[in-house]
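> Please find one structure pasted underneath; my questions will follow.
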Amino acid sequence: MDCNTCDSPTAVVINKPEVVEVDLTITNKAKEMLSSAFGDDMSHALLVGVLSGGCSGYMYDLQIVESTDQDCQEVDIDGFKVLVPNATSHLLDGIEIDYVDRLMGGGFKINNPNAESSCGCGESFG
Amino acid sequence: MGVVQLDAYVLVLRGRDCLALIDGLSTNKVEGTCTTVFTTSVAKVIDMVDVIDKGDFIALVGHGPYKNTLIEHITQRILGQDVTIGDASSSNLVYLSTEEIEVPENVTVFNSFRGWVIVAPSTMNIEVTMTIADYDEYRVENMIPLQGKEITQNIHPLACGLGDLVHESKGCYIGQEILARMRSRGRQGKQLVRVSNPVVDATTIGKTHSLAIRRMK
């Protein structure tokens with residue numbers, strides 16, 4: 001294998017999934033926790049993304065960001081700015097962002113109607 | 001022994017996220033050249049692949065008949081990462097040598113657990129010096145599983161002799177929970193064994209011994 005043979009391999013088509021206008025909800029408990037995380041600065045946004053990998057195929061990726069270079073759609077929920085990357089919008093439409101208050105496995109949880117399965121820790125879905 | 005030609009595909013991945021993508025989808029820790037196994041969410045093998053890091057691209061070398069399943073598996077999970085995939089199977093041939101041999105500069109050699117994997121331009125003549133029966137004998141002797149024989153898409157990697165390619169602490173990948181549970185509870189079900197002939201359930205038959213996959217006692 002050299003560069004002469006590998007520079008022009010037949011391209012494998014990577015189908016980009018359809019961009020969906022995302023509808024999502026945040027529970028009151030999650031809003032409380034987001035309020036304390038944001039503080040007074042509501043210029044930041046909650047980025048809700050999906051990465052490939054994890055036990056079931058996809059992993060949630062929650063971040064509080066000032067901005068992102070990803071192509072995102074912005075959803076405003078009671079003053080909270082939520083960013084959802086268009087590349088993963090098909091996996092996130094209809095989600096509920098919740099906060100579970102318990103010693104083990106607590107934290108933000110995403111209830112996703114698109115998930116056929118999820119792993120034990122709840123961070124991964126398929 | 002010698003050199004045998006494999007029924008193999010060669011995929012070329014380019015982009016800054018290639019290694020991270022492969023690492024997140026397969027059983028071994030992928031930081032560069034290595035062998036790893038792609039598995040489904042129920043830990044069944046999709047394919048065992050040699051990952052060859054060529055610097056400006058990554059080559060994935062796997063079993064020909066499993067190519068389309070693997071491509072579908074990977075492409076579904078490219079979510080905006082910087083990864084492109086090309087199929088270089090028609091312009092390359094893949095061989096396996098049981099010993100190190102000298103090759104021209106434009107031939108890639110990777111020393112894997114099953115021998116030296118050689119990827120050469122299809123225009124280049126690499127001499128095949130071993131029959132499939134000879135290679136099977138070598139595999140039986142060394143307990144080396146092969147795709148289509150021991151490694152199939154309805155078995156998990158621990159059961160077909162690929163336990164060394166299942167990293168114990170790398171973190172999450174597809175199928176990881178099930179494989180980790182099997183290991184921690186000592187319940188992998190079946191294992192690859194080498195047994196004296198005659199063997200009724202052999203996956204590969206050798207002259208005096210054979211390989212089989214049997215339930216652990």
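> Measure up B:149/B:190; A:16/A:109; B:54/B:149; A:29/A:109; B:29/B:54 against 20 Å on the Cα-Cα distance and list the ones that go over. Could you put the intermediate results ahead of the total?
On the way: B:149/B:190 15 Å; A:16/A:109 27 Å; B:54/B:149 29 Å; A:29/A:109 11 Å; B:29/B:54 17 Å.
From B:149/B:190; A:16/A:109; B:54/B:149; A:29/A:109; B:29/B:54, over 20 Å: A:16/A:109; B:54/B:149.
> At 222 nm, what value in deg cm²/dmol follows for chain B if DSSP H runs of at least 4 each add -39500 (n - 2.57) and the sum is divided by all its residues, to the nearest 500?
Details: 4 runs with 37 residues, N = 217.
Only helices count here, giving -5000 deg cm²/dmol.
> Further question: Can you compute the modelled spin-label distance between residue B:214 and residue B:33, with each label point 7 Å from Cα toward Cβ, in nm?
Label-label distance for residue B:214 and residue B:33, simple model: 3.8 nm.
> Taking every residue in B:76-86, how many Cβ atoms of other protein chains lie within 10 Å of its Cβ, on average?
6
> Can I get the semi-axes of the stretch B:3-121's equivalent ellipsoid? Compute them from the C-alpha gyration tensor as square roots of 5 times the eigenvalues, in angstrom, largest first. Can you show the working numbers first?
Values: eigenvalues 105, 48, 35 Å².
Those come to 23, 15, 13 Å.
> Something else now. State the Kirkwood hydrodynamic radius of chain B in Å, one decimal place, computed from all pairs of distinct Cα atoms. All intermediate terms of the calculation are to be shown ahead of the outcome.
Values: mean 1/r = 0.0558 Å⁻¹.
After inverting the pairwise mean of 1/r, the radius is 17.9 Å.
> Give me the dipole magnitude in Debye, nearest 20, for chain B about the Cα centre, with unit charges on the beta carbon: positive for Lys and Arg, negative for Asp and Glu. Each step should come with its number before you reach the end.
Values: 21 positive and 25 negative charges, 264 e Å.
With only Lys, Arg, Asp and Glu charged at Cβ, the dipole is about 1260 debye.
> Restricting to Cα atoms and excluding each atom paired with itself, what does the Kirkwood estimate give for chain A in Å? Don't jump to the answer; show the numbers that get you there.
On the way: mean 1/r = 0.0618 Å⁻¹.
The Cα-based Kirkwood calculation yields 16.2 Å.
> Note the per residue figure in Å³ for the convex hull of the C-alpha positions in the stretch B:112-217.
Enclosed volume per residue, from the Cα hull, is 133 Å³.
Computed from the coordinates by the stated procedures, all read-outs in this text should not be read as laboratory data. Worth saying up front: this structure is predicted, and the values here are computed from it rather than measured. All Cβ positions, even for glycine, are placed from backbone atoms using ideal geometry, and neighbour counts span all protein chains on display.
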